[in-house]
Every structure is written in C-alpha cells, then in structure tokens.
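Notes follow once the structure below has been shown.
The values are calculated or read from the model by the stated rules, or taken from the named source; none is laboratory data. Quick caveat, the model's predicted, so the values are computed rather than measured. Ideal geometry is used to build each Cβ from the backbone, glycine not excepted, and the neighbour counts take in all protein chains shown. Remember, those area values only see protein heavy atoms, side chains included, never the ligands or the DNA or RNA. Shrake-Rupley method; radii C 1.70, N 1.55, O 1.52, S 1.80 Å.
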Amino acid sequence: MFDLDGTLVDSVPDLAAAIDQMLRALGRPAAGVEQVRLWVGNGARVLVRRALAGDLEHASIDEGETEQALELFNEAYANEHALTRTYPGVTAALKWLSKNDVELALITNKPERFVAPLLDQMKLGRYFRWIIGGDTLPQQKPDPAALLYVMRLAGVEPQDALFVGDSRNDVLAARAADVPCIALSYGYNHGRPIAEEAPALVLDDLRQLLPGGCLEAGATLMSANASEHPQSRDHAVVVPRKHWLNRVNMKILKALARWRWRT
C-alpha cells in the first residue's frame, strides 16, 4: 500500500500554483511553493485552511470561509498537473512489483476527483488494483480505516502487508493498522525529518525496497524500541544500517522477508 503525494509524485508545484491562484482571487498575497510544501499532507480542505491561516494551525478559520476558498482551489487545481513529477525510481519499482505479482494499492488523502487524472498523466494508474482517495471513506489518514479496508479486500493479514509513505500521518496510520511502515526521506512531513516518526525503515529511493536494493547504502532504520513507543517523538533512535539486523523487531523483519521473497 502506497501513499501518493510526497511518496510517488512531487505534486507541490501544482498544489502551490492552485493555492496561490485561490489566494489572489480572495485578495490575499500568494504563499509560494516552499510554504505550501510545509502545509500539504492532510487533504485539500486542511491545505486550504492552512493557506487561509498562513500557518499549520488553522482553528481560527471558519467553515464559510473554508467552503468559498475550497471551491476556488478545486477549480484551479482541476485544470492540469503540468508541474507534477514522478520521483526517481518510482516507476521502475512499481513495474517490478507488479511483474512479480505483488498486489498494490494506493491510499491518499487527496480527493478522489483528482487522483485518477493524475495517475493517468503520470502513467501510474495501471499498477494499482485498489485506489482509495481522501473522500472514498469517511476517515482519512492518520486513521487506519483505509488500510484496514484494503487489507479486507485483499484478504491479507497486517503481517503480510506493507505501507509505504512519507509523512507522520502515514506512519501513524500504519502503526494503528499494525502494518510495518517504510518511509521515504524526500517527502512532505511539515519540515520535520521523517525518521523522527519512527517508521520501520527509511529509504532515499523506492528502488531500495526491491530485492538487492536494500543492501545499498543510504537507508536508515529505526530501533525496535522507537517504533514500539511512538508517544515520545524526541526519543526516536536512528541506527546505522549495518546494525539493524541485531536490533530491529523480528516480527517486522520476518514480515518484510516474506513479502519481498514470496515470488
């Protein structure tokens, strides 16, 4: 199971363009790409509210203001996704997994209406058997509902599944679903290193997920204790790759091994 924005594609330039168009229509100054990069990850509604507030915290924004701005944003973002790019290694990794009969699902907080056109444009849609958007179910990540739903459809247990994402929401959703989580270092996590969220594994390139790829330098792993005690984000411990086999939770190791080599 994969997240989309920040994991498979860098969509911030297009999201920022739509946010800035929305803000200008409301007589406000544009936010810019780097600011929007800090706000994404919780769906379109929260992104719009953060843009209106000019901050991650958006409790001061009322619903009437949100609805007006959201309509403007949706109209702007629906036009095209010319600035969105697939991250290096993504297509190759998805192609390998698909060819080796690993069933794939996409779970994103992006509204459904935007997901299929974006996947078609990026030529990624063919790889996913199940696609869950931010409004497919009543709940969004970090709620585990979408992960649990996909696993029921696939007929698999959590120990035989894997979630790949890039943000705190992804790690929390996987943890709540009792699914091992691998995180990408290059994504969107509100400006914080994803290693602080204590995923089972941190990769710099999705190809490192494939057999042989995980032996390459660059990825870091969290200690077993860090993932078992998520309440203390400041106590997450990053350990060198070469020490992982001695310290990682064996349940996660065995699940990853079964998943990687079952074909």
Next on the checklist: Starting from the 7 Å offset along Cα-to-Cβ, what nm value, one decimal, do you get for the label separation of K95 and D120?
Outcome noted: 2.2 nm
Checklist entry - What's the center-to-center distance, using Cα atoms, between region 156-172 and region 42-90 in Å? => result 24 Å
Next on the checklist: Classify region 122-219 from the C-alpha gyration tensor, please: rounded if a/c falls under 1.5, else prolate or oblate depending on whether a/b exceeds b/c.
Outcome noted: prolate
Checklist outcome for this item: Cross-link reach from K110 to aspartates and glutamates, straight Cα distance under 12 Å and at least 8 residues apart if same chain, gives D3, D5, D135
Checklist entry - What is the set of long-range amide H partners of T136 at a cut-off below 5 Å, with H atoms built 1.01 Å from backbone N? => result E112
Checklist entry - Using the beta-carbon distance between E65 and A30 and R0 = 22 Å, what value does 1/(1 + (r/R0)^6) give for FRET efficiency, to the nearest 0.05? => result 0.80
Checklist outcome for this item: Of the accessible area of region 100-174, computed with a 1.4 Å probe and all protein chains kept, carbon and sulfur make up a percent value of 47 percent
Checklist entry - Given H placed 1.01 Å from N in the peptide plane, which residues other than close sequence neighbours of A31 have an amide H under 5 Å from its amide H? => result D20
Checklist outcome for this item: Binned at 10 Å starting from 0, the alpha-carbon pair-distance distribution of region 47-165 in whole percents comes out as 11, 35, 34, 17, 3
Checklist entry - Around L72, what is the net charge, scoring Lys/Arg as +1 and Asp/Glu as -1 over all other residues with Cβ under 12 Å from its Cβ? => result -3
